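*Asks:* Before anything else, here's the structure in question.
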Amino acid sequence: MPTRAYATHSATTPLVPFSIERREPQARDVEIQIQYCGVCHSDLHYARNEWGFTSYPLVPGHEMLGRVTRVGKDVTRFAVGDLAAVGCLVDSCRTCPSCAQHLEQFCLNGPVFSYNGPDAHLGGMTFGGYSEKVVVDEAFTLRVPKNLDPARAAPLLCAGITTYSPLRKWGAGQGKKVGIVGLGGLGHMGVKFAHAFGAHTVLFTTSESKIADGRRLGADEVVISKDAEQMAAHAGSFDMILDTVSADHDLNALLGLLKLDATLVLVGAPPDPQPVRALNLLLPRRQLAGSLIGGIAETQEMLDFCGKHDVVCDIELIRMDQINEAYERMLKSDVKYRFVIDISTL
Ligand code: NAP
Ligand code: ZN
Ligand code: ZN
């Protein structure tokens, strides 16, 4: 069925109105009328082909939330009218060792991402959430706790799970000193989760104007990462640092802040390589790691945690036609702290 959307047709042209095809719901599919879609920096990296593997036309958006409008005959967990959400994943092989461990994002046969992934139903590539509707297998559809504001919950589908998952895996909690680098969409959720898990939470920011917000969002301390003296005061003291930065920055300065056996986890994905000085890993023994979103079960666990503890994102609601301007502001680190598109304006 023809579906209205916003797409970009090349790395150098803006997003414009576009019509895409969505499949008719199959037996196990859920059709969702999208109400809100968050704007992730990955959308921008993809739109401008900064990682080098974008197919055009591209419809970005992987923080989708809305109402179920139709369900296939075998769908058991969703009914028409339910609030439902879709994140970065829409399918995987479901049988490989990664899928068996509920790590569909690392499916050995290739996870299918919500956009720019191979579409097994219609051919071509999948299209994301800058669109009025999406049709997804119920196995990849998430339930949204009713007490959460839907617009503020939408970015949990990527910014939320991408920070929740590594903070859980590397044990952020009581008695741990945890750093979050960058106060953008991911970073502000990292601060909220690290604080909610009971860790001593330190925000690293390049923006002096974000110090007060950092504290309000849950940071016990805020460090201006460009200030060598402030950085030196924390040398060798962290159990974990979660780095959400989207552009070139100094990993060595962050490695120097880790304790013995502590880990710097990258979730930010700057397009260019970031040099690492071996000595900063050797002495004392330190680790450098990466993490990618989270599996479907963990995403549901994160949403349920947010429902229970009333955790949502700080957002700026925009119209669909403000998306290109929003990208420019994101590049200037001028987001407080996630743009969310009101899809009714499409
Ligand atoms: P964002 O909202 O634009 O936030 C990025 C923040 O990084 C900025 O607000 C800024 O914070 C800081 N920053 C930007 N340029 C910097 C520089 N040159 N040096 C130091 N700090 C800088 O982006 P986002 O949506 O949170 O995404 C962040 C990154 O994560 C992107 O690369 C995105 O592709 C990636 N990502 C990865 C995953 C995953 O699964 N691993 C999932 C989603 C997104 P301050 O103003 O506080 O310094
Ligand atoms: Zn994302
Ligand atoms: Zn698999």
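*Asks:* So what's the back-of-envelope 222 nm ellipticity for the chain, counting only DSSP H runs of four-plus at -39500 (n - 2.57) apiece and dividing by all residues, rounded to 500? Kindly include the intermediate steps, with their values, before the conclusion.
*Replies:* Details: 11 runs with 83 residues, N = 346.
Mean residue ellipticity, 222 nm, calculated: -6000 deg cm²/dmol.
*Asks:* Check each of the trypsin sites (Lys or Arg not before Pro) in the stretch 233-295 and keep only those in coil by DSSP with at most 13 other C-beta atoms within 10 angstrom; list them in order. Please list the in-between numbers first.
*Replies:* Details: sites: K259, R277, R285, R286; in loops: R277, R285, R286.
Passing sites in the stretch 233-295 are R277, R285.
*Asks:* Okay, next question. Using the beta-carbon distance between D74 and S209 and R0 = 45 Å, what value does 1/(1 + (r/R0)^6) give for FRET efficiency, to the nearest 0.05?
*Replies:* Working: r = 51 Å, r/R0 = 1.14.
Once the sixth-power term is evaluated, E becomes 0.30.
*Asks:* So if each residue of separation counts as 0.36 nm, and I subtract the Cα-Cα distance between D261 and N147, what length gain in nm does that give?
*Replies:* Details: separation 114, 0.36 × 114 = 41.04 nm, distance 3.97 nm.
Full extension from D261 to N147 adds 37.1 nm.
*Asks:* OK, next. Over the chain, what is the relative contact order in percent, taking alpha-carbon pairs closer than 8 angstrom and at least six residues apart?
*Replies:* On the way: 819 pairs, mean separation 62.6, N = 346.
Worked out over the chain, it gives 18 percent.
*Asks:* Further question: Test of the criteria: in the stretch 1-81, which chymotrypsin sites (Phe, Trp or Tyr not before Pro) are in a DSSP loop and have at most 10 other Cβ atoms within 10 angstrom of their Cβ?
*Replies:* Details: sites: Y6, F18, Y36, Y46, W51, F53, F78; in loops: W51, F53, F78.
Those satisfying the criteria are F53.
*Asks:* What shape does the stretch 160-290 take by its C-alpha gyration tensor, where a ≥ b ≥ c are the square roots of the eigenvalues and a/c under 1.5 counts as rounded, a/b above b/c as prolate, and the rest as oblate? If you can, show how the numbers build up before the last one.
*Replies:* Values: a/c = 1.31, a/b = 1.21, b/c = 1.09.
In terms of gyration-tensor shape, rounded.
*Asks:* Something else: Determine the order of M330, M125 by accessible area, beginning with the largest, at a probe radius of 1.4 Å.
*Replies:* Working: M330 20, M125 65 Å².
Descending order: M125, M330.
*Asks:* Still on this structure, please answer the following. Of L58, L292, which has the most accessible area and how do the rest follow, probe 1.4 Å? If you can, show how the numbers build up before the last one.
*Replies:* On the way: L58 5, L292 75 Å².
The ranking, largest first, comes out as L292, L58.
*Asks:* With a 1.4 Å probe and every protein chain kept in, tell me what percent of the accessible surface of the stretch 151-250 is carbon plus sulfur. List each step's numbers first, then the result.
*Replies:* Values: 1670 of 3500 Å².
The computed percentage sits at 48.
*Asks:* By the gyration tensor of its Cα atoms, with a ≥ b ≥ c the square roots of the eigenvalues, what is the shape of the stretch 152-230: rounded for a/c under 1.5, prolate for a/b over b/c, or oblate? The partial results should precede the final answer.
*Replies:* Working: a/c = 1.92, a/b = 1.28, b/c = 1.50.
It is oblate, given that a/c is not under 1.5 and a/b is not larger than b/c.
*Asks:* Could I ask something else about it? How much accessible area per residue does the chain have, counting only protein heavy atoms and a probe of 1.4 Å, in square angstrom? Please report the intermediate quantities before stating the final value.
*Replies:* Details: 14300 Å² over 346 residues.
That works out to 41 Å² for each residue.
*Asks:* Okay, moving on. Which whole-Hz ³J(HN,Hα) couplings does the stretch 303-319 yield from phi under the Karplus relation 6.51 cos²θ - 1.76 cosθ + 1.60, θ = phi - 60°, glycine and proline marked x?
*Replies:* 4, 5, 4, 5, x, 5, 9, 6, 9, 9, 8, 8, 10, 10, 7, 10, 7
*Asks:* May I ask you to rank R22, R28 by accessible area, largest first, using a 1.4 Å probe over the protein chains only? All intermediate terms of the calculation are to be shown ahead of the outcome.
*Replies:* Working: R22 20, R28 135 Å².
These residues rank, largest area first, as R28, R22.
*Asks:* How tilted is helix 185-196 with respect to the longest principal axis of the chain? Cα atoms for both, answer in degrees (0 to 90, nearest 10).
*Replies:* So the helix axis and the longest Cα principal axis differ by about 70 degrees.
*Asks:* Still on this structure: Kindly identify the chain as rounded, prolate or oblate by the Cα gyration tensor criterion: order the square roots of the eigenvalues as a ≥ b ≥ c, call it rounded if a/c is under 1.5, otherwise compare a/b with b/c, prolate if a/b is larger, else oblate. Don't skip to the end; give the middle numbers.
*Replies:* Working: a/c = 1.74, a/b = 1.61, b/c = 1.08.
Judged from the Cα gyration tensor, the chain comes out prolate (a/c at least 1.5, a/b above b/c).
The values are calculated or read from the model by the stated rules, or taken from the named source; none is laboratory data. Just so we're clear, the structure is a prediction, and the values are computed from it rather than from any experiment. For neighbour counting, all protein chains shown are included, and Cβ atoms are generated from backbone atoms with ideal geometry for every residue, glycine included. We work out accessible area using only protein heavy atoms, side chains counted, and drop any ligands, DNA or RNA first. Shrake-Rupley method; radii C 1.70, N 1.55, O 1.52, S 1.80 Å.
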